[in-house]
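Notes follow once the structure below has been shown.
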Amino acid sequence: MAKATTTIKQVLNYQDAHAAWFAANQALFNQVVAFYFEVIQAHERVLDLSDKEALRALEKLTHTTKKNPTPAMPLSALVEDAPAMFRRAAIHAALGSARSFSSHLSRWKKRKAKAQARGKQFTERPPVPPRTWNKSATLYAGQWKERTSSSIVLKVWTGKCWSWIKVRITGRALPADAEMGSPALIRRGKHWWLHTPLEKHFRSPPTIEHQVTANTATTICAVDLNLNEHLAVCTIQTVEGTVLATTFIGGGRRISGFRKQQLGRIARNRRKTGIIAEGEQDNVHLWRKITHVDEQIAHLVSARIVQFAKAHGAKILVFEYLGSLKPARGTYSRRGNSKRAYWMKGRIFTYAKYKAYNEGMLTSRVSPRNTSRECARCHHLVARYEAGQPAEGYTSGAPLVFCQACGMRGHADRNASLVIGQRLITRYQNPSQGKPQAPLRVERGEQSPGVAACQDAKSEEGPSFPQARHADGNEHGTAQDRSLRMDEHLSDIPHPLRFPCES
Ligand SMILES: [Zn+2]
């Protein structure tokens, strides 16, 4: 069986006074965690036990009961009446930290012994136990009740007493098919959230090789990630090569424009202030904005890729490996922008991989070599050109392709995505042909210089899909406060360009 975990994050709506209670509750929780960490340090053998046994041992050492009237290190010296489930959550948090610290320490000792055995000097400092604690309080069953989709009743330490309070919940609803873990009270900035881990168990998917070779009905979703308007182009194909669907995920120009604008501001601010203090982050606010938006877009794009794949019953996601980073030349904002766009591609892959796994899909990557230069139909080199220009040569980043060998015409990124999918299938079905074919190498002379840097510079002219138009309308104005939502319509955009071979 395979297990997938996700966390559902929900905003809490509460009276102003309750924020102070949540803070008091967390402070107490951390005191208790710190206390148990000390207890464990004083009784290190506890770490040899399983979590269950360790819990029992630690309670015996600290918890006063009729049967256990004089524990060695009573918790009551710190807190009089901590609820059992509050105490247990703290014990587990302390155990986790202690186990982690202990394994760091033992690895350090090993390295030290190894260095000394070789007669080498060892200057690495030993790990130190945490000096401050900032853990979020986990609410075990008993610390919360009456949970509905819109409210929950929580038991918290108010600073004076234990009190039940009802708070409203907004945000994603909990899916019904997953197993719910203990929620945690999380502070984000000034606001408090409820994070609930979910576990889903499912039968582990068979290996990619098995799925591709043993079942002709297997469909895969191949993804071409770009730095231009179409952040991702996905195609669904069967392992026999039939193309079933395509989607273009847009929004690239908007995010790029937004990022460039913020970077430009940072550059201007820096010019004004002159020297930047060493080791100090400047323009914190602007950087945070850029990071947030990048993160958000990576999540949106990856979610849509997986949604699209799932909607078409795909079992495998395929990407190409990221080539090495070749930042654009030019102004500070331009260089910074291309670097961040590259990082975002990496993040889209990482997020799509785990989101796909949660849906029982596996993810793979293939060689990026010439994926955008090869014809998906006959594997000869294609011409890549701008709309309205003659179909010849290779203009990197241009939206259209034409294959002189077989007459295929189509959208360049879509062609690349088909090639990516074919590479995965070829890898398993004809292992000897997994690599690009020889003609490619011979004809490489046609390459225009700077191909690899490609894609973000000349791609300003996207094809005229509805989304591209949509983005145009927003190019000007105060971009910074506009929410960067992706285009709503998902998948199944009528294929604007069809390959003759798939109709
Ligand atoms: Zn061709």
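Read-outs throughout are calculated quantities, based only on the coordinates presented, and are distinct from any laboratory measurement. Just so it is clear, the model here is predicted, and its values are computed rather than measured. With ideal geometry, Cβ positions are generated from the backbone for all residues, glycine too; neighbour counts draw on all protein chains shown.
A simple packing score, the average count of other Cβ atoms within 10 Å per residue, orders the peptides 68-76, 179-187, 92-100 as 92-100, 179-187, 68-76, with the highest score first. Normalising by residue count, region 1-156 has a Cα convex hull of 197 Å³ per residue. On the basis of the beta-carbon distance and an R0 of 35 Å, Leu78 and Lys120 show a calculated FRET efficiency of 0.20. Average projection, convex hull of the Cα set of region 218-287: 7.0 square nanometres. Dividing the alpha-carbon radius of gyration of region 65-111 by the rule-of-thumb value 2.2 N^0.38 Å gives 1.60. Multiplying the residue separation of Ser367 and Lys9 by 0.36 nm and removing their Cα-Cα distance gives an extension gain of 125.2 nm. Note on region 117-175 and region 371-398: Cα centroid distance 54 Å, given to the nearest whole angstrom. Using only alpha-carbon positions in region 3-60, the gyration tensor eigenvalues give semi-axes of 31, 19, 8 Å once each is multiplied by 5 and square-rooted (largest first). In plain terms, if you count all Cα to Cα distances in region 128-255 and split them into 10 Å steps from zero, the share in each step is 9, 23, 19, 22, 19, 7, 1 percent. Working note: Debye formula, equal point scatterers on the alpha-carbon atoms of region 155-228, no solvent; log10 I(q)/I(0) at q = 0.14, 0.23 Å⁻¹ is -0.79, -1.13. Computed over the alpha carbons of region 105-155, Rg followed by Dmax gives 22.7, 64 Å. Pairs to check: Lys52/Lys166; Lys3/Lys326; Lys110/Lys200; Lys200/Lys353; Lys155/Lys190. Give those whose C-alpha atoms are more than 26 Å from each other in this structure. Where the Cα-Cα span goes over 26 Å, the pairs concerned are Lys52/Lys166; Lys3/Lys326; Lys110/Lys200.
Each of the peptides 24-37, 47-60, 114-127, 358-371 was scored by the mean count of other Cβ atoms within 10 Å over its residues; in descending order, highest first, they stand as 24-37, 358-371, 47-60, 114-127.
Between Thr242 and Lys66, the contour length at 0.36 nm per residue exceeds the alpha carbon distance by 56.1 nm.
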